Amino acid sequence: MTFDMQRALAEAPRDRGVAWRFVREFAAYWGRPLRAGDGFGVEEVGAAGRRLGVGLPAALCEAYVLFGRRRDLTGNHDTFLAPDELYVADGVLVYQVENQGCAYWGVPVTDLGDADPATVRRPDTSPVSRWEPHESSLSVALLAMVMSEVLMLEDGLSDHGENPDAVPELERLYDELPAVGRDFRWFAGPDALVRVTGGGAWIDVRGRTPEALDAVRKAVPVEWLEG
């Protein structure tokens with residue numbers, strides 16, 4: 001099976017239909033294909049909007065119906081809230097929560113009428129924290145979420161570490177992918193996907209096989225947590 005992530009990621013930010021096609025291809029390539037039952041029912045999604053008294057953006061509804069129940073794509077580290085868990089806080093519809101409650105992602109209620117609105121992020125819960133601009137569209141934010149959550153699968157094919165000095169080696173050895181997610185750089189090699197956060201402050205890698213993962217571990221000078 002082949003999967004041209006360069007092409008797919010270059011097109012996805014311009015068209016959420018392409019973004020959802022990317023999610024289908026990505027899930028099949030890096031884990032298992034999407035199937036019927038992997039999403040919530042249309043009625044379940046609609047009930048969430050009625051409960052909150054707001055209309056949910058089309059992009060959020062589409063994501064829930066396509067892959068909302070797939071925790072391997074939505075809940076290995078941070079949590080993509082189920083429709084009945086959505087809530088509004090400080091004028092923002094919150095759809096994702098960091099695993100220790102240190103950050104929240106959402107859409108301003110004033111923008112819920114947009115099909116694919118921009119998102120905001122609140123970095124912590126201190127009294128002085130504020131909602132900050134995050135991604136230019138919800139579909140891009142959810143695409144970055146899916147890619148990130150797959151890296152956190154605990155099945156022996158992912159590893160993590162940090163070393164800013166390793167970034168030049170990544171740039172030399174691997175192909176850099178189009179940017180998805182404002183905080184990340186993405187690289188791809190033979191059967192391997194690498195995410196760099198914070199200029200190299202943290203590096204996550206996933207291989208499609210143990211051999212592919214080990215090849216990255218050996219090539220990139222990082223003190224890997226698992227390897």
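The values are calculated or read from the model by the stated rules, or taken from the named source; none is laboratory data. Computed from a predicted structure; not experimentally measured. Because the Cβ atoms are built from the backbone with ideal geometry, glycine has one as well, and the counts that use them run over all protein chains shown. Surface areas here come from the heavy atoms of the whole protein model, side chains and all, with no ligands, DNA or RNA. Shrake-Rupley method; radii C 1.70, N 1.55, O 1.52, S 1.80 Å.
Take segment 7-34 and flag every residue that is over 20 Å from residue 72 (Cα atoms) and either in contact with a His (Cβ under 8 Å, 6 or more places away or on another chain) or of a type in the set (Gly, Ala, Ser) (or both). The answer is 8, 10, 12, 17.
Here's the yes/no breakdown for (1) assigned to a strand (DSSP E or B); (2) open to solvent by 30 Å² or more (accessible area, probe 1.4 Å); (3) among the β-branched types (Val, Ile, Thr):
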position	(1), (2), (3)
167	no, no, yes
186	yes, no, no
193	yes, no, no
211	no, yes, no
222	no, no, yes
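Counting the residues of segment 56-114 that are part of a helix (DSSP H, G or I) and under 23 Å from residue 38 (Cβ atoms) gives 17.
Can residue 141 be described as modelled with pLDDT of 95 or more and open to solvent by less than 40 Å² (accessible area, probe 1.4 Å)?
So residue 141 passes the test.
Among the conditions (1) open to solvent by 60 Å² or more (accessible area, probe 1.4 Å); (2) in contact with a Lys or Arg (Cβ under 8 Å, 6 or more places away or on another chain); (3) assigned to a loop (DSSP other than H, G, I, E, B); (4) modelled with pLDDT of 90 or more, the only one that residue 154 does not satisfy is (2).
Residues checked against (1) in contact with a strand residue (DSSP E or B) (Cβ under 9 Å, 6 or more places away or on another chain); (2) surrounded by fewer than 19 Cβ atoms within 10 Å (Cβ to Cβ); (3) touching a residue at least 12 places away in the same chain (Cβ under 8 Å):
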| residue | (1), (2), (3) |
| --- | --- |
| 2 | no, yes, no |
| 27 | no, no, yes |
| 51 | no, yes, yes |
| 65 | no, yes, yes |
| 71 | yes, yes, no |
| 77 | no, yes, yes |
| 83 | no, no, yes |
| 98 | yes, yes, yes |
| 102 | no, yes, yes |
